[in-house]
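Only one structure is covered here, and it is reproduced in the block below.
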Amino acid sequence: QVQLVESGGGLVQAGGSLRLSCATSGISFSISRMGWYRQAPGKQRELVVTITSGGFTNYADSVKGRFSISRDNDKKAVYLQMDSLKPEDTAVYYCNGRMVLTDYWGQGTQVTVSS
């Protein structure tokens, strides 16, 4: 059974930082593409960033230079460091794992950035 569990969300003032974590189980983590997506109220879920098993990353333009993804294959975890947060970053953030063209999702963690 595949499980992805996010943590680290919360309320932060604009300009602040948060670090999200995603712990996984049941997935062949080392060969999976991992990523973070977000969904704001009334909007579609959108890509934040992905990281391949080889470490290649793909960031949304809106977060380039502010967010940084990393993965720990030994711990089967992926992280999202978010700096210089803006109110428009407010959303539910979802951890995603793609293995053999199948997507797995966490339950999401709320990030709220106050102005």
Worksheet item: What list of ³J(HN,Hα) couplings, whole Hz, do you get for the range 10-24 from phi and the Karplus terms 6.51, -1.76, 1.60, once you set θ to phi - 60° and write x for glycine and proline?
Response: x, 9, 9, 7, 3, x, x, 10, 9, 10, 8, 10, 9, 9, 10
Discussion item. Give me the one-decimal nm value for the distance between modelled label points at D103 and A40, 7 Å along each residue's Cα-to-Cβ direction.
Written reply: 2.0 nm
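In square nanometres, what is one fourth of the surface area of the convex hull spanned by the alpha carbons of the chain? If you can, show how the numbers build up before the last one.
Numbers: hull surface 26.7 nm².
Mean projected area of the Cα convex hull: 6.7 nm².
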Worksheet entry | Long-range HN-HN contacts of T90 with modeled amide H, under 5 Å | V113
Worksheet item: Residue by residue through the range 26-33, which ³J(HN,Hα) values in whole Hz follow from phi under the Karplus form 6.51 cos²θ - 1.76 cosθ + 1.60 (θ = phi - 60°), with glycine and proline marked x?
Response: x, 10, 6, 4, 5, 9, 8, 7
Worksheet entry | Residues whose placed amide H lies under 5 Å from that of V48, excluding near-sequence neighbours | W36, Y37, R38
Discussion item. At 1.4 Å probe size, with the rest of the protein present, what percent of the exposed accessible area of the chain is carbon and sulfur atoms?
Written reply: 48 percent
Worksheet entry | 5 angstrom amide H check on G16, placed H, neighbours 5+ away | L85
Item to complete: Using a Förster distance of 41 angstrom, determine the FRET efficiency expected from the C-beta separation of S115 and D72, and round it to 0.05.
Response: 0.75
Worksheet entry | Exposure ranking of W36, W105 by accessible area [1.4 Å probe, largest first] | W105, W36
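The values are calculated or read from the model by the stated rules, or taken from the named source; none is laboratory data. This one's a predicted model, so the numbers in the text were calculated from it and none came from an experiment. Methodologically, a virtual Cβ is constructed for each residue, glycine included, from the backbone with ideal geometry; neighbour enumeration extends over all protein chains shown. These accessible areas exclude ligands, DNA and RNA; they are computed on the full protein's heavy atoms, side chains included. Shrake-Rupley method; radii C 1.70, N 1.55, O 1.52, S 1.80 Å.
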